Amino acid sequence: MNSRHRSSVQIGDVAQLFDGRRLRLARHLAGLRKNGLADKVGKTPTAIASYEKNTKRPAPATVAQLSLALGVDPSFFLPGPVELEFADVVAHFRSLRSTTQLARDQALAYGLATVEVSATLERHVEFPAANIPHFEVRDDADSPEEAANLLRSSWDMPLGPLPHLVRGAENRGILVVFSALASASVDAYSFEGMSRPVVALNPAKRDYYRQRFDLAHELGHLVMHTDAEPGSAKTEAQADRFASEFLMPRDQIHDLLPGKADWGQLQRLKESWGVSLQALLYRSRALGVMSDVTYRNAMMYLSSKGWRRQEPGVMPVLEQPSLLPGAVTLLEGSGVSQHTLAEEARVPLDLFRQICSRFPQYEPEIDGEPDEKLLPVGVVSLFSKRH
């Protein structure tokens, strides 16, 4: 994480106003443990912990060392646009066993920085209000399918295949971003508990159909699991059931699913419903349309053809976020630079650009006029709130 601009804030002032929670945020963004950062600045891990807990204030010279070691401007350590409370944020990661705590901390820090960037942009523009109904699913007596239909109803979604899912989530005030490339080992994840819900999609995935299922899966966590233990096999299975029903409602797709592996019919359903062949096969078996034997044979055929890794047919372009990048583009058009916005958000410019990128490869600039047909409802009607 490189800092490409320097503010005029005096280090002595930063030392006086130092917010240890932002030191923790910077350390997680850099992917460092306390002892790793301590070695870089010539301090003890205990000292780093005391700075992060705000029980001890670093001297100006230490602030400068921390700034250099973490690649941030000293102003990063000033209180930010959102009051960070790490204990209040519980992120849903796919598997707590397959990713390290360090990788999860880094991914969550990126999500928290996303909330701060959003809060900064909302000082200037109006975003859609956050709209996530909650339907707690704790055991088998509760139904993930009922929760999925509740969300469809609450969001007034059309019957049949769902259109642009990223835009639909952003229209309901959810921040959808591509996570940092450094966190590509962490699959899609989500969390709530601050000013806005966040869903971070894996930048390494280039599969339109899997991306849509990932987003539906994370929406399931946001709806069903506000109090559930994250990462358990039970909650992950519930989120998968939610995603299947949300994307392919039983009463709308049951009669369209083939009982046999009719690949032509499955391919047509794949393209019209925006789900993978594998998801359709699984759905057909789950709804009792396809027998277990037929399902297993179909999956074996998929494997033999190499389709489990790359399914046949033309791959549509990934759905792209437009809430944050659209706001940045409109503000730039009114004379507010990304440099200024990044300083206001207290984040390095390159991190700001990553968070506000439309594309997972993180283009260095966000240029051009926004296409209003692709912007969420709340961004089309943005109005200036400049002070």
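With R₀ fixed at 30 Å, the C-beta to C-beta distance from A130 to S153 puts the FRET efficiency at about 0.95. In segment 1-140, a dipole from Cβ-located charges (positive for Lys and Arg, negative for Asp and Glu) runs towards its positive end, and of A15, V115, A59 it is A59 whose Cα lies farthest in that direction.
In the chain, a dipole from Cβ-located charges (positive for Lys and Arg, negative for Asp and Glu) runs towards its positive end, and of P258, L181, P230 it is L181 whose Cα lies farthest in that direction.
In the chain, a dipole from Cβ-located charges (positive for Lys and Arg, negative for Asp and Glu) runs towards its positive end, and of L37, P133, P158 it is L37 whose Cα lies farthest in that direction. If R0 equals 45 Å, the separation of the Cβ atoms of T46 and D251 corresponds to a calculated FRET efficiency of about 0.15. This model, with +1 at the C-beta of Lys and Arg and -1 at the C-beta of Asp and Glu, gives the chain a dipole about its Cα centre of some 1180 debye. Of all DSSP bridge pairs formed entirely within the chain, close to 60 percent run antiparallel.
Computed on segment 171-304, with alpha-carbon pairs under 8 angstrom and 6+ residues apart, the relative contact order is 17 percent. Please state the shape class of segment 1-79: rounded when a/c is under 1.5, otherwise prolate if a/b exceeds b/c and oblate if not, all from the C-alpha gyration tensor. Here segment 1-79 falls in the oblate category. Computed over the chain, relative contact order equals 21 percent, with contacts defined as Cα pairs under 8 Å that lie 6+ residues apart.
Every number in this text was worked out from the coordinates using simple rules, so none of it is lab data. Because the structure is predicted, anything quoted here is derived from the model rather than measured. For neighbour counting, all protein chains shown are included, and Cβ atoms are generated from backbone atoms with ideal geometry for every residue, glycine included.
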